[in-house]
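Novice: Got a structure here, written out as structure tokens. Questions coming.
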Amino acid sequence: MSENDQIVQFLKANPAFSLSMLEKEAGIPSGVLSKVLRGERKLNTDHIKLLRPVLYKYGLRHDDSPSKAKVISIVNHKGGVGKTTTAINLGKALTMMGKKVLLVDMDSQGNLSQGLGFDEPEKQVVDALLKEEPLPIFLVSENYDLSPSDLELAEADLELVQNIGGFNRLNKVLRPIKDQYDFILIDCPPSLNIITSSAMVAADSCLITLQPEIAAVKGLDKILTRIGNIQEEINEKLRVEGIVFTLVNKRLVVHQSNMEYVRESLPGFKIFDSMIRENVSLTEAQSAQMDIFSYAPDSNGAKDYYKLAEELLQN
């Protein structure tokens with residue numbers, strides 16, 4: 001259910017509300033809500049952003065959302081293209097919009113976990129994958145949870161390959177907790193190994209982070225092929241959530257031309273209008289074990305990830 005539909009459902013369940021009063025309080029144009037309720041239009045991103053705090057005050061709950069989480073694997077077989085940065089900051093932005101989010105660290109380097117202050121987790125994802133234990137979940141902040149990993153996850157590759165149903169282990173351990181979250185974001189390793197494949201099996205969709213450099217663009221076919229294979233053989237519901245450009249320098253002609261090339265080459269795929277610009281604050285925030293909104297809320301990095309979250313909710 002989209003956020004527009006959640007608001008419509010809430011308003012229809014509360015017919016005593018004065019639509020004009022809500023519009024005035026939120027600062028949106030008069031008559032918008034009437035048209036939305038009649039199905040003549042949908043709320044745009046700005047309207048939702050303005051309405052959200054007003055409706056929360058009048059009883060719209062953060063958990064007035066789908067009963068099962070949307071599971072998104074953040075993928076790219078290249079390292080250094082913003083997968084972990086996107087998991088941390090997109091996840092945090094979604095919590096700022098009233099969503100409950102779980103981050104799952106599926107990279108044995110543990111950068112996601114370390115970036116949130118979990119350097120040596122006593123329990124981690126590999127315990128659930130190989131020992132049939134419940135998925136360990138730690139609170140990072142309100143509505144923002146983490147299931148961490150470190151180098152122990154590297155040992156899981158061979159065991160998962162050798163075990164019957166190894167590809168389905170992550171899906172199996174996520175299943176009991178899906179109704180507790182709005183979004184589950186899986187940070188995948190920089191490879192197309194069984195760990196990444198198992199994340200795709202567990203996911204509803206894949207978000208591809210893509211730096212607009214020629215080497216990264218050339219490798220895009222490999223990612224899309226693997227997603228297609230998983231979709232055809234194991235997970236029919238898997239789709240591409242979209243491609244988001246990261247580490248973008250808008251002043252570089254080569255970045256502009258590479259982004260245009262991707263848009264022209266993949267007309268059937270969602271290419272997010274929101275892009276993540278190069279921003280030193282993003283690197284500094286991760287080193288400080290903080291999300292960008294806590295570290296530098298006025299930075300370009302914070303603005304870009306907030307816009308990406310808004311666009312994702314409209315997908």
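Just so it is clear, none of the values below were taken in a lab; they were calculated from the coordinates. A quick note: this is a predicted structure, and the numbers were derived from the prediction, not measured. Cβ atoms come from the backbone with ideal geometry, glycine included; neighbour counts cover every protein chain shown.
Novice: Quick one: longest stretch of the chain between exposed loop GluC sites (Glu not before Pro), exposed meaning at most 13 other C-beta atoms within 10 Å and loop per DSSP?
Specialist: For GluC sites (Glu not before Pro) (loop position, at most 13 other Cβ atoms within 10 Å), the longest site-free span of the chain is 143-235.
Novice: At 222 nm, what helix-only mean residue ellipticity would the chain give, in deg cm²/dmol to the nearest 500, using -39500 (n - 2.57) for each DSSP H run of four or more?
Specialist: Helix-only estimate at 222 nm: -13000 deg cm²/dmol.
Novice: Still on this structure, please answer the following. Assuming R0 = 22 Å, what is the FRET efficiency of L158 and E132, from their Cβ-Cβ distance, to the nearest 0.05?
Specialist: 0.80
Novice: Now, a different point. Simple spin-label model, 7 Å along Cα-to-Cβ: L139 to N229 in nm?
Specialist: 4.2
Novice: A further question follows. Under a crude label model (7 Å from the Cα following the beta-carbon direction), how far is K57 from N249 in nanometres?
Specialist: Using points 7 Å along Cα→Cβ, the separation is 4.6 nm.
Novice: Among H77, H47, what is the fewest-to-most ranking by other Cβ atoms within 10 Å?
Specialist: Ascending number of Cβ neighbours within 10 Å: H77, H47.
Novice: Largest first and in whole Å, give the semi-axes of the chain's equivalent ellipsoid, each being the square root of 5 times a Cα gyration tensor eigenvalue.
Specialist: 33, 24, 19
Novice: Checking the a/c ratio against 1.5 first, then a/b against b/c, what shape does the Cα gyration tensor give for region 168-208?
Specialist: Values: a/c = 2.57, a/b = 1.53, b/c = 1.68.
Oblate, since a/c reaches 1.5 and b/c is not below a/b.
Novice: State the extension gain, in nm to one decimal, for the chain segment bounded by K42 and Q314, taking 0.36 nm per residue of separation less the distance between their alpha-carbons.
Specialist: Going from the current span to full extension adds 96.9 nm.
Novice: With viscosity set to 0.692 mPa s at 37 °C, what whole-number translational diffusion coefficient in µm²/s follows for region 3-57 from Stokes-Einstein and a Kirkwood radius over Cα pairs?
Specialist: Translational diffusion coefficient: 298 µm²/s.
Novice: Give the lysines reachable from K218 as a straight Cα distance under 21 Å; neighbours fewer than 8 places away on the same chain don't count.
Specialist: Hits, sequence-local ones excluded: K78, K83, K250, K270.
Novice: Classify region 104-209 from the C-alpha gyration tensor, please: rounded if a/c falls under 1.5, else prolate or oblate depending on whether a/b exceeds b/c.
Specialist: The shape class here is rounded.
Novice: Starting from the Cα of S20, step 7 Å along the direction of its Cβ; do the same at Q289; then give the gap between the two resulting points in nm.
Specialist: Label-label distance for S20 and Q289, simple model: 5.5 nm.
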